[in-house]
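The values are calculated or read from the model by the stated rules, or taken from the named source; none is laboratory data. Not measured: the values here are computed from a predicted model. Here Cβ is always computed from backbone atoms with ideal geometry, including for glycine, and neighbour counts include all displayed protein chains.
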């Protein structure tokens with residue numbers, strides 16, 4: 001990629017050109033309001049309002065929302081990474097397995113170093129993050145250099161990561177993680193907000209800023225929109241994709257650390273559907289599976305729809321399988337509406 | 001136009017769900033008596049042991065004029081049971097009957113439940129601090145159950161050869177106790193060599209592969225003890241596919257319909273049936289006693305029935321076979 | 001006649017068993033529109049891709065400002081001052097015009113933020129608006145995704161991008177192919193403006209009337225070799241077509 005700062009001839013007089021109508025506040029708002037994210041947000045508000053109306057004292061409490069947020073924190077971290085991947089029109093099915101693998105590595109390192117101190121905990125956490133990053137790099141390299149479709153690559157690493165975790169542990173969860181990890185980060189709070197929520201919120205904020213305001217984010221969109229155009233424009237598409245998959249792996253590793261802190265055990269059996277839940281959250285949030293479109297803020301909304309549906313249904317006493325039906329229905333309806341909008345736009349502009 | 005569609009669909013879905021749910025209107029209310037709201041959180045969905053427990057609990061709740069909601073996580077895992085517990089706590093029932101899926105990991109959410117003023121009764125499994133956290137801990141005497149299994153297996157195998165235990169995973173109070181009881185008791189039969197425990201992670205497929213692997217490694221394998229429903233069922237499947245059903249005797253724990261069928265076909269030779277309906281019933285009774293301020297039994301040990309092909313239709317055995325629905 | 005700014009001599013290129021170029025030549029001078037024409041399969045697009053850095057030639061030499069160069073990547077072409085408007089436009093449909101204009105050459109904020117990669121979207125938008133104004137491109141909603149623009153507007157964005165960044169040579173591959181009458185006229189005006197500012201414009205087109213109208217010189221490619229060169233003012237459409245189809249035989253046409 002060229003390092004010289006190329007400057008277009010029109011730079012020197014930086015005068016204000018006649019502003020076309022597209023940049024006024026009204027136009028920006030109009031664009032925002034027709035985006036899927038806003039509709040999904042309204043759905044979320046509708047669901048919250050609905051449950052609050054039906055079971056106000058039980059549902060609409062700080063206690064309940066705090067728990068919902070804490071329970072959703074791991075999925076949110078994974079979903080932020082998944083957002084980047086899907087915007088490049090890729091996919092990462094391996095996130096649940098990488099989460100488990102990272103937790104196993106971290107727990108083993110902590111136990112190997114021994115003791116209850118922050119040294120052991122810190123070393124374990126770093127090891128877990130590195131493990132996640134490594135799987136992400138494997139995914140990225142296979143997708144770009146071996147030219148295997150992301151669906152297949154990450155399906156393979158899904159099996160390999162989980163299988164490796166089972167091999168290392170003999171199929172049994174690793175327990176005996178230093179208690180300090182659980183009592184401080186796992187279930188501890190800062191100013192009434194659980195640490196795990198703070199971590200997830202920080203990841204979301206950094207992810208949102210990176211995606212919308214930096215070159216890294218723009219390259220992500222460009223590659224998803226038209227990878228060949230990006231390549232011709234001088235963007236090193238392969239290197240960028242490796243970074244994006246590495247990011248997804250790293251965040252899966254971080255989610256593994258958060259899970260380990262909360263449950264003090266590696267919960268091997270509990271993450272087999274994390275990948276689909278993350279993908280559903282990302283798509284619900286307005287990201288297109290075809291690439292080029294999406295936001296982290298949308299994913300934030302998308303994560304909470306299933307989380308609140310599950311919580312509300314348990315409070316209402318609805319049979320568990322209805323939850324899955326409902327989440328699936330909302331997902332289909334949201335994507336369908338998105339498709340209708342797109343088709344309308346296409347039809348409208350073909351003059 | 002489409003926006004109204006979407007909001008309308010969602011609202012309709014919510015309304016239907018609300019109508020379809022067990023809201024607090026059910027159950028007969030007694031004279032001036034308070035109607036108690038109870039919730040049962042099982043260890044995992046779709047397990048007949050827990051379904052039978054639910055049947056016993058529901059019958060007892062009805063008799064006492066209380067309402068009982070039932071819910072469960074998709075897998076027997078603490079990371080999936082925690083959000084369910086949290087949501088149930090938000091619902092603020094008077095008491096929760098729960099089967100904790102991990103002796104340590106479930107302590108924080110259950111502590112929160114107790115702090116919210118909800119009475120806890122632990123059914124089947126428990127936590128490390130169960131005596132402090134729960135009003136009552138009700139389970140089969142699992143060590144004794146393990147000993148029963150050892151005795152049954154010693155008899156079935158004629159006392160000679162290698163025996164294997166297929167357990168679930170460490171950290172579950174009940175199955176750990178069963179394995180321990182078995183281990184202690186099997187020593188009394190010197191002709192039987194105990195080759196150790198394998199773990200199934202509560203998945204029949206894993207139990208099956210562990211069984212066939214053990215068979216390959218130990219040709220003199222004559223007996224397997226499966227410490228829970230899925231472990232025993234999986235072991236039976238593995239042996240059947242290896243063609244070793246006649247050679248290796250299986251004693252299982254729990255008597256679900258599939259296992260009873262296996263028993264009937266001679267694939268499994270004996271089942272140690274717990275009395276989950278009794279556990280459920282006792283759970284409800286203790287919860288209500290705690291709510292009324294009456295004396296509570298801190299620990300209750302329910303019994304076992306040894307089921308074989310010969311006795312499975314006897315009137316004093318048949319009622320204890322597990323149900324798939326109430 | 002002045003020195004060619006960019007010239008290709010004896011370029012060969014094969015794809016498997018197909019010999020697309022068999023020693024093709026080409027030249028373009030500053031401040032002129034040189035049309036590269038030929039029938040289907042003559043090798044025009046292949047030659048353009050080689051000269052713009054998308055493909056590597058098997059043989060032959062390329063000279064830029066008199067020096068021999070190897071253009072191994074579109075970025076290398078850009079660094080020489082060569083820009084290309086591809087037949088498929090090479091725009092990112094989900095990005096807005098400003099993002100497309102600055103694709104691969106984004107402006108970053110000054111200072112620390114810039115080092116972290118923070119984009120200066122306001123500056124990019126300002127300069128895009130100015131570029132559009134200068135080039136006479138009227139877009140009502142410059143914040144809209146390129147996918148929501150009409151075919152003609154998209155073409156204008158692609159042409160504006162090349163015109164904005166070009167300093168020496170611009171290749172335009174079928175720039176009005178999908179456009180209506182009015183929009184084609186706009187693009188042709190744009191091309192003339194670019195030419196008048198001293199840039200060398202290479203026009204690849206099937207549209208013979210357009211070629212005759214716009215081009216200063218015409219070079220004809222046939223079966224992978226250059227078969228004729230004409231000054232547009234001194235030739236007719238029939239003569240050019242005859243050269244394209246081989247009716248005139250493999251000989252050099254008039255060279256001014």
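Things worth noting here:
- Filtered residue count, the stretch B:129-153, keeping only those that are part of a helix (DSSP H, G or I) and touching a helix residue (DSSP H, G or I) at 6+ places or on another chain (Cβ under 7 Å): 10
- Tabulated pairs, the stretch A:39-68, first at the interface with another protein chain (Cβ under 10 Å from one of its Cβ atoms), second surrounded by fewer than 18 Cβ atoms within 10 Å (Cβ to Cβ) and in a helix (DSSP H, G or I), C-beta under 6 angstrom, 6+ apart or interchain: A:46/B:7; A:59/A:52; A:60/A:52
- Evaluation of residue A:325 against (1) surrounded by fewer than 17 Cβ atoms within 10 Å (Cβ to Cβ); (2) assigned to a helix (DSSP H, G or I); (3) within 14 Å of chain C (Cβ to nearest Cβ) (one fails), failing number: (3)
- Residues of the stretch C:80-114 satisfying the condition of being modelled with pLDDT under 90 and more than 10 Å from chain A (Cβ to nearest Cβ): C:87
- Failed criterion for residue B:133 (all others in (1) closer than 28 Å to residue A:176 by Cβ; (2) surrounded by fewer than 23 Cβ atoms within 10 Å (Cβ to Cβ); (3) without any contact (Cβ under 8 Å) to a residue 40 or more places away in the chain; (4) within 14 Å of chain A (Cβ to nearest Cβ) hold): (4)
- Tallying residues that are more than 18 Å from the chain's Cα centre (by Cα), at the interface with chain A (Cβ under 9 Å from one of its Cβ atoms) and part of a strand (DSSP E or B) within the stretch B:164-208 yields 1.
- Residues located in the stretch A:303-322, provided they are part of a helix (DSSP H, G or I), under 21 Å from residue A:63 (Cβ atoms) and without any contact (Cβ under 8 Å) to a residue 60 or more places away in the chain: A:306, A:310, A:313, A:314
- Here residue A:128 fulfils each of the conditions (1) modelled with pLDDT under 90; (2) closer than 26 Å to residue B:201 by Cβ; (3) out of contact with any strand residue (DSSP E or B) (no Cβ under 9 Å at 6 or more places or on another chain) apart from (1).
- Yes/no for residue C:13 being under 14 Å from residue C:223 (Cβ atoms) and modelled with pLDDT under 90: no
- In the stretch C:19-53, residue surrounded by the fewest Cβ atoms within 10 Å (Cβ to Cβ) [restricted to those that are assigned to a loop (DSSP other than H, G, I, E, B) and in contact with a helix residue (DSSP H, G or I) (Cβ under 6 Å, 6 or more places away or on another chain)]: C:39
- Within the stretch B:59-93, the residues that satisfy the criterion of being in contact (Cβ under 8 Å) with a residue 40 or more places away in the chain and more than 13 Å from every other protein chain (Cβ to nearest Cβ) are B:59, B:60, B:61, B:64, B:66.
- Residue match in the stretch A:241-258 (condition: in contact (Cβ under 8 Å) with a residue 60 or more places away in the chain, away from chain C (no Cβ under 14 Å), under 30 Å from residue B:105 (Cα atoms) and not in a helix (DSSP H, G or I)): no
- Boolean, residue A:231 is within 14 Å of chain C (Cβ to nearest Cβ) and touching a strand residue (DSSP E or B) at 6+ places or on another chain (Cβ under 8 Å): no
- Restricting the stretch C:237-256 to residues that are surrounded by fewer than 11 Cβ atoms within 10 Å (Cβ to Cβ) and more than 25 Å from the chain's Cα centre (by Cα), the residue that is modelled with the lowest pLDDT: C:251
- Failed item in (1) more than 18 Å from residue A:318 (Cα to Cα); (2) out of contact with any strand residue (DSSP E or B) (no Cβ under 7 Å at 6 or more places or on another chain), with residue B:86 passing the rest: (1)
- Filtering the stretch C:115-164 to residues that are surrounded by 20 or more Cβ atoms within 10 Å (Cβ to Cβ), in contact with a strand residue (DSSP E or B) (Cβ under 9 Å, 6 or more places away or on another chain), facing chain A (nearest Cβ under 8 Å) and in a helix (DSSP H, G or I) leaves only C:164.
- Qualifying residue in the stretch A:109-118 (condition: in contact with a strand residue (DSSP E or B) (Cβ under 9 Å, 6 or more places away or on another chain), buried (at least 20 other Cβ atoms within 10 Å of the Cβ) and at pLDDT 90 or above): no
- Unique match (being within 19 Å of the chain's Cα centre (by Cα) and away from chain C (no Cβ under 14 Å)) among A:292, A:270: A:270
- Residue check, residue C:89 in a loop (DSSP other than H, G, I, E, B) and farther than 24 Å from residue C:15 by Cα: no
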